[in-house]
Amino acid sequence: MVGKTVVITGASSGVGLATAEAFSKAGCRVVLAARGEQGLDMAVERCKALGALALAVPTDVSDYAQVQQLISHALAFGGKIDYWVNNAGVMASGKFEEIPIDVAHQVVKTNLFGYLNATHAVLPIYKQQGQGVVINNVSIGGYMPAPYSAVYSATKFGIKGMMECLQGELSDQADIHICNLYPQIQRSTGNMHSAKYSGLDFKVPPFAADPKDTAAQLLALAMHPQKDKFPDFSSWAIKTLHGAFPKLLVNTASAGMRLMMKLKQGQPSDGNVLDPSGYPHRIYGETILPVPDRKTKIALGVGILIGAGLLFLSKKD
């Protein structure tokens, strides 16, 4: 990994910032992209403190011309692009019809068009080089729709379909890889920065995944490419449970969100959908309760999976 060049989008906070640190520690040249210059500059300083050569390129990935400029800067900085991490994403939660249409459109532009733009622009570079890896932080939302986040869910299902198709297109290219990671909800600043409507005002549950663990899995895909990966037991369990009880899982999660909308009555906010992410520019966000240790998380996950399995067997009987 030493001396290789990686481009990371959405790198100013959350999983993107954790990923920038992970690739920096591995010895890569890091090219960091996000819309906000302040957050990017802070991220670059953190990477340089880890001994990496780092470059900030303010970029809105929903704009194809800006993505092309990002590639030009990355090539000038590193000579070539070895890894590209598609990570930039925004989310708007609330009742579908109460989310302003311009916000809904921008979620599609940033999430789906952002991944499309970046991959469309970098693949010709990879074919010229004869090698390269695109790593997509898709989210478990590519399998299970996020309750009261219909447009966000549409983008994640779209990314999954697009990238699976590209995996087929590139199946005759032995050294060019499209890798998809499907992590669960993150204990990052993503929720703090997201847009919320319909009275929603919630914090991340304590069982959410550690963004640094997710970043480590993105780095692992760079070193050992594979088409699809679930980074931990929880993400695999959620996907498995949804496959077995799709309506039960979605309806239960939606009922929980409806309750939060009634209880919290938060003020409408477009978060970072239309504008760059504001403070805080850090990896970790706020959680509802203290975060349990790893053994407790595993025990809870196993318990939920066993309980679901017993429920499934009892229904068959």
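Candidates in the range 58-104 are the residues that are in a helix (DSSP H, G or I) and acidic (Asp, Glu); of these, the one that is nearest to the chain's Cα centre (by Cα) is Asp102. Quick check on Lys127: is it over 24 Å from Cys28 (Cα atoms) and of a type in the set (Lys, Arg)? No; evaluated as a whole, the condition is false for this residue.
Keeping to the range 35-57, report how many residues are of a type outside the set (Val, Ile, Thr), open to solvent by less than 80 Å² (accessible area, probe 1.4 Å), in contact with a strand residue (DSSP E or B) (Cβ under 7 Å, 6 or more places away or on another chain) and not in a helix (DSSP H, G or I).
Number of matching residues: 5.
The set of residues from the range 134-148 being buried (at least 23 other Cβ atoms within 10 Å of the Cβ) and under 20 Å from Ile101 (Cβ atoms) comprises just one member, Tyr148. One residue is enough: does the range 225-243 have a residue meeting the conditions open to solvent by 90 Å² or more (accessible area, probe 1.4 Å) and of a type in the set (Lys, Arg)? For the range 225-243, residues open to solvent by 90 Å² or more (accessible area, probe 1.4 Å) and of a type in the set (Lys, Arg): present.
Considering only the range 74-115, state which residues are open to solvent by 40 Å² or more (accessible area, probe 1.4 Å) and β-branched (Val, Ile, Thr). The answer is Ile101, Val108. Considering every residue within the range 209-218, establish whether at least one is surrounded by 14 or more Cβ atoms within 10 Å (Cβ to Cβ), modelled with pLDDT of 90 or more, of a type in the set (Ser, Thr, Tyr) and more than 17 Å from Ser139 (Cα to Cα). No, that holds for no residue. Residues of the range 244-275 that are surrounded by fewer than 18 Cβ atoms within 10 Å (Cβ to Cβ) and either part of a loop (DSSP other than H, G, I, E, B) or in contact with a Ser or Thr (Cβ under 6 Å, 6 or more places away or on another chain) (or both): Phe245, Gln265, Gly266, Gln267, Pro268, Leu274, Asp275.
The values are calculated or read from the model by the stated rules, or taken from the named source; none is laboratory data. Here the structure is a predicted model, which means the values were calculated and not measured. FYI the Cβ positions are ideal-geometry reconstructions off the backbone, even for glycines, and counts take in every protein chain you see. The area values use the complete protein model at the heavy-atom level, side chains included, leaving out ligands, DNA and RNA. Shrake-Rupley method; radii C 1.70, N 1.55, O 1.52, S 1.80 Å.
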